[in-house]
Amino acid sequence: MPLVYFPFTLIAPSLVEALSSYFGRLVLYRPVGSPPMEGLEPWIAQGLLEIRVPFEHVIDKNALLAEVEQWRRWGLLNPGADTAYLKAAGSQMVPVHPLAPEIVSEIKGTAGKARHGDNSGELAIQLFLHLAQDFDRQSRELVEKLKEFKGQQQAFQAFLREDEPEEKEGSIPPEPFPESNEDLGDLMIEHRMLAWNHLFEKDPHESSLLFTDSPAAHAWFLDLAKEKIPVLSFDLPCAQPLPHSLPWKDPLEKLFQKVLTTPWNEQLKQRIDGTAREIEAMMINWQESVTRPGEKMASFHWHVVPNQATGNVFNKQRGPGDSKEAYRSQNTLVGLVELAAQ
């Protein structure tokens, strides 16, 4: 069963690698005119990562990219503005900040001239998605560079320890950059979810099986629901050749299928609780038999939102929309995936 990634429009190769071996196909939504993603070609070619670009034949791509470039230039010319341009773009979807119209006017050079046309709302959302994607990519690249620097520094410190007398080891300076645990979903989460859901509603996947690596996005989605029930928590190794047979994979797929397609009631909940505990026990035994010391692990936490498909959760928050999509799932499963060293 495919897993649908939210609320970002780019995904780290390490996350795709960690999930595709266990769950099969992943689905990623992208804005119109998004540049190709580096490092993901093998999974796309194998059909393990599906890219969906709603509005591809609706939005004027050239007009959109010209406006994106205009906003990018303003950001480059105003480095002290931090994320002001991103917040201004978000304000065009939902006005939230009194300074946003001034920034928009400055960027566009139109003294506040409004955008006209039937697709103005779609263009505003696509613009925000592009700028958020730029911000996320740059943030992740910075984190990777800091990790690379940290590795080099640790190697240098180890070299110094070999040459320095034991009593001088305390003189080695501490690391200048702490480990970064920044959650990009914390930034403008309501705007991100509104924009992502706009893509999802245009081209919804039939499965209500969602996942994210953002604790903020995971918590935000669950807060929309009247009820959320934890069903599974487990750890799996990330990067190693996997055996062809995973003893828990078929029971897990059947459990997901049952949760998504069966009307929720207390009897079903009890059956799922029992099955989930059996699967977790199988996973623990398997994980202990294949995991090497110090291997990187992925931690999974799954919740079920009973009696609501994915689109219905969003529509309940926004009020009735113009989407005529009939959601097939009886319930929604949403997972939080966190990659961490063991």
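The values are calculated or read from the model by the stated rules, or taken from the named source; none is laboratory data. Just so we're clear, the structure is a prediction, and the values are computed from it rather than from any experiment. Quick reminder, even Gly has a Cβ in these numbers, built from the backbone with ideal geometry, and neighbours come from all protein chains shown.
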Quick check on my filter: what residues within the range 298-316 are buried (at least 20 other Cβ atoms within 10 Å of the Cβ) and either at pLDDT below 90 or part of a helix (DSSP H, G or I) (or both)?
Q308, A309, T310, G311, V313, F314
Meets criteria (under 19 Å from E50 (Cβ atoms) and touching a helix residue (DSSP H, G or I) at 6+ places or on another chain (Cβ under 8 Å)) for L236
no
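For the range 16-58, how many residues meet the condition of being within 20 Å of W196 (Cα to Cα), of a type in the set (A, V, I, L, M), crowded, with 18+ Cβ neighbours inside 10 Å and within 17 Å of the chain's Cα centre (by Cα)? Reasoning before the result, please.
So the first thing to find is which residues in the range 16-58 are within 20 Å of W196 (Cα to Cα), and the list is 16, 25-37, 49-58.
Next, from what is left, pick out any that are of a type in the set (A, V, I, L, M): 16, 26-28, 32, 37, 49, 51, 53, 58.
Now restrict to residues that are crowded, with 18+ Cβ neighbours inside 10 Å: 16, 26-28, 32, 37, 49, 53.
Among the residues that remain, those that are also within 17 Å of the chain's Cα centre (by Cα) are: 16, 26-28, 37, 49, 53.
Selection size over the range 16-58: 7.
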Check G109 against each of (1) in contact with a Phe, Trp or Tyr (Cβ under 7 Å, 6 or more places away or on another chain); (2) at pLDDT below 90 and name the one condition it does not meet.
(1)
For the range 171-183, does any single residue satisfy the condition of being modelled with pLDDT of 80 or more and not hydrophobic (A, V, I, L, M, F, W, C)?
yes
Note on P36: of the conditions (1) at pLDDT below 90; (2) not in a loop (DSSP other than H, G, I, E, B), unmet is (2)
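Within the range 199-208, can one find any residue that is assigned to a helix (DSSP H, G or I), of a type in the set (A, V, I, L, M, F, W, C) and modelled with pLDDT under 90?
Our first condition is that a residue be assigned to a helix (DSSP H, G or I); within the range 199-208, this holds for 199-202.
Subsequent filtering for residues that are of a type in the set (A, V, I, L, M, F, W, C) retains 199-200.
Still in the list and also modelled with pLDDT under 90: none.
Checked the range 199-208: no residue is assigned to a helix (DSSP H, G or I), of a type in the set (A, V, I, L, M, F, W, C) and modelled with pLDDT under 90.
Regarding L222, is this residue in a helix (DSSP H, G or I), within 21 Å of V337 (Cβ to Cβ) and in contact (Cβ under 8 Å) with a residue 12 or more places away in the chain?
Working: in a helix (DSSP H, G or I): yes; within 21 Å of V337 (Cβ to Cβ): yes; in contact (Cβ under 8 Å) with a residue 12 or more places away in the chain: yes.
Yes; evaluated as a whole, the condition is true for this residue.
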A careful count of residues in the range 229-245 that are surrounded by fewer than 17 Cβ atoms within 10 Å (Cβ to Cβ) and part of a loop (DSSP other than H, G, I, E, B) gives 7
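Take L224 and tell me if it is closer than 30 Å to I279 by Cα, of a type outside the set (D, E, K, R) and at pLDDT below 80. Can you show your working first?
On the way: closer than 30 Å to I279 by Cα: yes; of a type outside the set (D, E, K, R): yes; at pLDDT below 80: no.
Here the answer is no, as L224 does not meet what is asked.
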